[in-house]
1. Given the options Glu117, Glu86, Glu104, state which has the largest fluctuation in a GNM of the chain using a 10 Å cut-off (strictly under) for Cα springs.
2. Pick out which of Asp176, Asp132, Asp59 has the largest mean-square fluctuation in a Gaussian network model of the chain, springs linking Cα atoms closer than 10 Å.
3. Please give me, ordered by residue number, the chymotrypsin sites (Phe, Trp or Tyr not before Pro) of the stretch 126-195 that lie in loop per DSSP and have at most 13 other Cβ atoms within 10 Å.
4. Provide Met260, Met57, Met34 in ascending order of the number of other Cβ atoms located within 10 Å of each residue's Cβ, fewest first.
5. Using unit Cβ charges (K, R positive; D, E negative) and no other charged atoms, how large, in debye to the nearest 20, is the dipole of the chain about its Cα centre?
6. Using Cα springs under 10 Å in a Gaussian network model of the chain, which residue among Ala180, Ala129, Ala223 shows the largest mean-square fluctuation?
7. Mind checking the stretch 180-281 for GluC sites (Glu not before Pro) that DSSP puts in a loop (not H, G, I, E or B) and that have at most 10 other Cβ atoms within 10 Å?
8. Would you mind calculating the gained length between Ser270 and Glu215 on full extension (0.36 nm times residue separation, minus the Cα-Cα distance), in nm to one decimal?
Amino acid sequence: MPDHVNVFEVGPRDGLQNQKRLIPTEDKIKLVDMLSSCGFSHIETASFVSPKWVPQMADSAAVMAGISRKDGTAYTALTPNMRGYEAAIDANVDEVAIFASASEGFSQKNINCSIDESISRFTLILERAKFDKCNVRGYVSCVTHCPYDGPTDPDQVIRVALRLLEMGCYEISLGDTIGAATTETTHNLVSSILNYMPSSVLAGHFHDTNNNALENIGVCLEAGIRTFDSAVGGLGGCPYAEGAKGNVDTVSVVNMLHGMKYETGLNLESLRKASAFAQSLIEV
């Protein structure tokens, strides 16, 4: 049997959240429904954050209510605090995600608190999620470079990732937030972190600022990591990292994986149609 790689689609949330034009709710729903037909096991669909800070996600509950759910697909949402978690549960999400930075500078700019303070905020969410039997995914941002602090020490990434695992996250997504990772820094990070946790609990999340996200995914594949985040149409960016381009494009990732004889379970024809629609949403 071919080796399976899980492609975690983040376009509807991470890809759209920073678009300046407010995308109509019905278009967001259409995008998620098109992605559902592609065969994804996970689609990051919404973010339950304050509309003051992320106005694009103000209609997350309406999007969750409007999508046509497909069996075998988990529709996930980002929840930065307990209020967001409760709203996500009310919206019947299948899974939630929390996020912490490996960089103090980015943590302060992004959520106005230290790394330790941000992690302590998640304690109640993890406790509640355990009671609710809701899976929680952990994101760690700036895993190789920070726009404020410069290069990130792998030991700092390990410290944050271990804390999130100990709290109950089932998986840790390692985020190259500004797309500055190289094959060398990616190798150094992955080889270090695998001394503390298995590849089965790790995912790669690469932005394509310097057009080397696919090479970095290749380094992770060699190390045994088999889950990667990507955004249909290469949508995305980061409001706290000037110049950062979008997430690595899902079609490009799947093409590479299929060319390497990995199995993804994804339909490329359907994926290309979803990609064209996603790109049309930001070209208006």
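Please treat every number below as a calculation from the coordinates, not as lab data. Everything quoted here is computed from the prediction, not taken from an experiment. Cβ coordinates were reconstructed from backbone atoms using ideal geometry, including for glycine residues, and neighbour counts include every protein chain displayed.
1. Taking springs between Cα atoms under 10 Å, the residue moving most is Glu117.
2. Per the Cα network of the chain with a 10 Å cutoff, Asp132 tops the list.
3. Values: sites: Phe131, Tyr139, Tyr148, Tyr170; in loops: Tyr148, Tyr170.
Loop-located and lightly packed - Tyr170.
4. Working: Met260 12, Met57 23, Met34 18.
Ascending Cβ contact count within 10 Å gives the list Met260, Met34, Met57.
5. Working: 22 positive and 34 negative charges, 107 e Å.
For the chain, the charge dipole is close to 520 debye.
6. Most flexible of the set in this elastic network: Ala223.
7. Working: sites: Glu184, Glu215, Glu222, Glu242, Glu263, Glu269; in loops: Glu242.
When the GluC sites (Glu not before Pro) of the stretch 180-281 are filtered for loop state and at most 10 Cβ neighbours within 10 Å, Glu242 remain.
8. Details: separation 55, 0.36 × 55 = 19.80 nm, distance 2.49 nm.
Answer, rounded to one decimal: 17.3 nm.
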